[in-house]
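Shown next, in structure tokens, is the structure this report addresses.
Laboratory data are not the source of any read-out in this text; all were calculated from the coordinates shown. A quick note: this is a predicted structure, and the numbers were derived from the prediction, not measured. We place every Cβ from the backbone using ideal geometry, glycine too, and count neighbours over all the protein chains shown.
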Amino acid sequence: MNATLTPNTLAELAAAVRSAPHVLAIGARTKPRLSAVAPDVTLISTLGLSGITEYQPDEFTFTALAGTPLREITATLAARGQYLPFDPYLLDAGATLGGTLAAGLSGPGRFRFGGLRDFILGVRFVDGAGRLVRLGGKVVKNAAGFDVPKFFVGSLGRFGVFGELTFKVFPRPATTLTLRLPVADANAASQILTTAAGARWEIDALDLLPTADAVALRLAGPAAALPLLAKEILTRFPGETLSAATADALWADLRELRWTFTKGPLLKLALTPAQLPALAATVRAHAGRIHVTAGGNAALVSLPATIASLGLPALTLRGPGPLWLDAPAPPAIAAAVKTALDPQNRFPSLAA
Amino acid sequence: MSSTVAPATDPARFLQRLGDILPPARVLSGQAQLAAYESDGLTAFRTAPLAIAVPETQAEVIALVRLCHAEKIPFVARGSGTSLSGGSTPVAGGLVITLNRLNRILRVDPAQRLAVVEPGVINTAVTLAVASYGLHYAPDPSSQSICTIGGNVAFNSGGAHCLKYGMTSNHVLGLKAILATGEVVEFGGASRDQLGPDWCGLFVGNEGLFGIALEITLQLLPRAEVFHTVLAGYRTLEQAGDAVSAIIASGLLPGAIEIMDALALEAASAAVHAEYPPGCEAVLIVELEGPREVVASQRPQLDALIAASNPVEARPARDATERAAIWKGRKSAFSAVGRLSPDFIVQDGVVPRRRLGEALRRIAEMSRAAGIRCANVFHAGDGNLHPLILYNGTESGALERAEILAGKILHMCVEMGGSITGEHGVGLEKRDYLATMFNADELDCLHRLRDAFDPLGLANPGKMFPDGTAPALAQHGLHPLEKAGLISRE
């Protein structure tokens with residue numbers, strides 16, 4: 001059992017980092033494998049650091065403490081007609097803003113305007129020396145200093161403990177419309193993903209569903225325009241327009257990962273549509289399920305049991321097995337950057 | 001803590017070893033040859049380097065950086081030299097590595113919508129190379145017809161369309177780079193997603209302090225099918241600012257929202273023969289873009305918002321030629337200001353958007369009090385100001401007075417909760433102001449990162465950090481090549 005500290009202020013957060021030789025931040029632990037570390041690591045919960053500290057709708061920005069539940073943020077933004085366009089996962093499960101950044105987990109909406117890396121503006125964090133620092137900015141555009149906030153996307157909390165985060169937001173499109181395009185196999189899916197992604201329609205989300213039998217294509221924009229676009233798309237790719245209720249349920253099920261096995265590993269992969277057929281075949285051979293998102297650039301794979309390799313680097317978010325399968329080789333500079341941000345090796349290494 | 005430049009071992013030996021890497025014709029060290037490289041888009045400062053190296057291959061760049069590392073000679077990478085923050089101003093006793101000849105587009109993958117390019121490729125050349133696939137490269141700095149992707153990556157360049165599309169960093173998927181340590185690293189790749197920390201994100205915007213990008217993988221986007229571009233003139237800047245607020249509040253997400261003030265209009269109209277609505281203190285440019293059905297649906301909403309904002313005149317572009325003319329006027333504004341004044345400093349501080357009006361009022365007051373003219377061209381959607389501070393460098397003390405005004409504007413931006421730079425980078429110009437945004441611990445953190453990539457402090461020293469390198473010499477007037485009509489700041 002790891003000891004756990006729960007600071008309630010940013011000063012307490014910095015003190016918590018300094019208080020133990022080995023620490024790692026946790027949020028709501030909706031991706032528990034990322035923080036399943038050696039027993040001598042003291043866990044620092046950010047759940048006591050919750051709340052939106054600044055929100056200026058006319059600036060397209062908000063700042064919130066790292067432990068703020070995403071559902072609180074999305075509700076606050078929605079009340080002012082705005083949203084985080086990258087559709088963060090696990091809202092109902094209680095996922096936090098900080099945990100989402102650390103995991104580098106962007107949802108289907110990232111297809112259109114980009115993921116976490118395209119919306120993070122600034123981070124106040126505690127470095128490995130226990131110092132509370134703020135890098136990046138609080139305005140939508142800033143080029144001063146190195147872009148450490150972007151570096152933190154997917155950093156798994158191994159380079160600093162997030163205290164407070166500033167994000168860019170966008171106005172929420174007036175309406176959405178989802179098409180279900182049946183596909184015979186992963187090759188056909190890959191073909192649709194590639195063709196549709198390059199077309200004129202300004203698609204909002206483009207996913208291969210875990211049922212593996214259809215691509216879901218979402219449009220977002222003015223109510224008058226979407227049916228016209230949908231009609232043209234359906235002449236290119238046979239399929240149907242889903243009712244609003246069916247579409248909402250489909251995206252909510254994807255967002256909350258309701259399609260996954262309750263046991264067994266859940267893994268995240270980065271890929272290209274060209275790599276999809278081989279990956280899908282591997283997943284099928286192991287009786288697994290796969291949700292391909294971002295037009296074939298990211299995937300979540302759920303397996304009934306652990307395996308050694310998916311043929312591509314993969315990160316285990318949940319369930320048993322090692323943190324990494326086929327871990328990507330760290331760039332030559334990785335160790336020096338780790339030392340720069342964490343000179344005493346207070347945070348676990350990326351490898352574990 | 002600070003990265004200080006190690007003393008050169010022996011310049012003569014260094015030059016000799018340079019000759020082992022490049023043929024004599026591609027090592028420039030004569031006084032006349034060096035002159036062209038003494039400054040960049042920040043013409044107020046110049047420094048003569050030890051030599052200029054003109055590599056043609058990645059292997060040569062790698063060999064040059066490794067030689068600099070072995071001989072402890074500082075180096076500055078240079079593309080087209082358009083940096084407005086002095087990012088490619090040479091270092092005395094150092095090597096300038098020009099990357100213009102590494103201008104190959106190595107690969108275009110229309111299916112995955114990406115291009116792999118060398119650093120010397122010109123920004124617009126990317127879009128030209130992929131236009132036949134219906135794709136484009138989104139970042140569009142005003143100097144895009146001349147600036148290089150390598151420079152865009154080093155300084156995380158912006159442009160007029162950042163509100164919707166972000167900066168250079170948002171479009172870099174992968175990088176191969178030679179670090180100041182002599183190591184070659186590869187970050188990211190062909191996927192739009194990633195596992196592990198965002199190394200590409202950290203590298204982009206390093207201002208040349210980490211090393212030199214050798215290969216850049218850029219994401220491409222489908223070109224917008226149609227545009228609706230409106231130019232509206234207003235009696236006052238305040239009215240133009242109110243129109244921006246109304247558009248932002250409406251839920252529309254225009255591709256660009258730009259404002260030019262009277263002085264900038266005067267310059268632009270003289271330079272490109274554009275005719276702007278008469279008697280206006282400000283012109284607003286707003287652009288919607290997307291599928292024709294979407295733009296058709298949003299266009300009446302935008303037109304109604306602009307009509308309600310009480311413009312002197314609103315002119316929608318009727319075709320691609322008129323749209324191009326609107327953007328030509330906007331993008332030539334910087335160099336056009338050269339017609340109004342022999343010298344100018346371009347700033348790019350950021351303020352929260354809702355305080356734009358207040359910021360412009362205060363800039364006008366400070367400019368009046370200082371007796372210095374100041375033209376304004378800015379990305380209103382981002383709160384990104386571009387005050388152009390006009391001065392005559394032949395007048396004693398004029399540059400110093402202009403710099404004092406520039407400093408006051410930067411302080412104002414930080415005090416309002418903004419930034420000293422939105423897209424030009426800190427460079428040489430604003431290094432003394434970095435500490436207005438970051439405290440000692442934060443600066444130390446940035447220094448430690450720099451030291452991780454460049455322990456000897458050889459890569460572009462004296463930029464971003466105020467760390468004791470010899471100050472560049474002041475000069476006045478246009479860049480030598482600008483005077484000769486060979487280059488312009490667009």
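The table that follows gives values for the structure above.
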quantity	calculated
Nearest-ten-degree value, helix B:11-21 long axis tilted from longest Cα axis of chain B	80 degrees
Value of [θ]222 nm, deg cm²/dmol, for the protein assembly as shown, DSSP H segments ≥ 4, -39500 (n - 2.57) each, nearest 500	-8500 deg cm²/dmol
Pairwise centroid distance, computed over Cα atoms, of region B:358-430 with region B:152-189, Å	27 Å
Translational diffusion of the protein assembly as shown, µm² s⁻¹ [Kirkwood Rh, Cα pairs; Stokes-Einstein; 10 °C; 1.306 mPa s]	58 µm²/s
Candidates A:A270, A:A216, A:A340, ranked by Gaussian network fluctuation over chain A, Cα under 10 Å, top entry	A:A340
Relative contact order computed over region B:226-335 (Cα-Cα under 8 Å; 6+ residues apart), in percent	45 percent
10 Å Cβ neighbours from other chains, averaged over peptide A:110-119	4
Tilt relative to chain A, helix A:226-236 - C-alpha long axis, 0 to 90 degrees, to 10	70 degrees
Shielding by partners, peptide B:161-173 (average Cβ within 10 angstrom, other chains)	3
Karplus-derived HN-Hα couplings along region A:24-30 (A = 6.51, B = -1.76, C = 1.60, θ = phi - 60°), whole Hz, x at Gly and Pro	8, 7, 10, x, 8, 6, 7
Amide H within-cut-off set for A:Q82, under 5 Å, with H built and near neighbours excluded	A:R172
Residue exposure sequence - B:H273, B:H136, B:H161, B:H171 - by fewest surrounding Cβ within 10 Å	B:H273, B:H136, B:H161, B:H171
Sparsely packed GluC sites (Glu not before Pro) within region B:377-475, loop by DSSP, other Cβ within 10 Å at most 16	B:E395
Relative contact order computed over chain A (Cα-Cα under 8 Å; 6+ residues apart), in percent	17 percent
Amide H partners (placed H, <5 Å) of B:D193, local residues excluded	A:L271
5 angstrom amide H check on B:G427, placed H, neighbours 5+ away	B:M464
For chain B: relative contact order, % (alpha-carbon pairs under 8 angstrom, 6 or more apart)	19 percent
Given charges at Cβ of Lys, Arg, Asp, Glu: region A:175-325 dipole, positive-most of A:A184, A:A247, A:W259	A:W259
Net charge of Cβ neighbours under 9 Å - reference B:L175; Lys, Arg +1; Asp, Glu -1	-1
Region B:273-289-region B:29-85 distance, computed between alpha-carbon centres (Å)	39 Å
Test item: B:284-295 mean partner chain Cβ contacts at 10 Å	4
Rh (Kirkwood; distinct C-alpha pairs) - region A:164-289, Å	16.0 Å
Derived scalar couplings ³J(HN,Hα) [region A:109-123; Karplus, 6.51 cos²θ - 1.76 cosθ + 1.60; whole Hz; x for Gly, Pro]	x, 5, 4, 7, 10, x, x, 3, 4, 8, 10, 6, 10, x, 9
Principal-axis tilt of helix B:356-370 within chain B, Cα atoms, nearest 10 degrees	70 degrees
Karplus (6.51, -1.76, 1.60) ³J(HN,Hα), θ = phi - 60°, over region B:97-111, in Hz, Gly and Pro reported as x	9, 8, 10, 4, 7, 8, 10, 8, 8, 6, 7, 10, 10, x, 5
Whether region A:4-171 is rounded, prolate or oblate, judged on the alpha carbon gyration tensor where a/c under 1.5 counts as rounded	prolate
Size of electric dipole in region A:4-171: Cβ of Lys, Arg +1 and of Asp, Glu -1, about Cα centre, debye, nearest 20	300 debye
Gyration tensor verdict on region A:88-130 (Cα atoms; rounded if a/c is under 1.5, prolate if a/b is larger than b/c, oblate otherwise)	oblate
Rounded, prolate or oblate (a/c below 1.5 giving rounded, otherwise prolate when a/b exceeds b/c) for region B:1-158 by Cα gyration tensor	prolate
Least to most buried among B:F45, A:F159 (fewest other Cβ within 10 Å first)	B:F45, A:F159
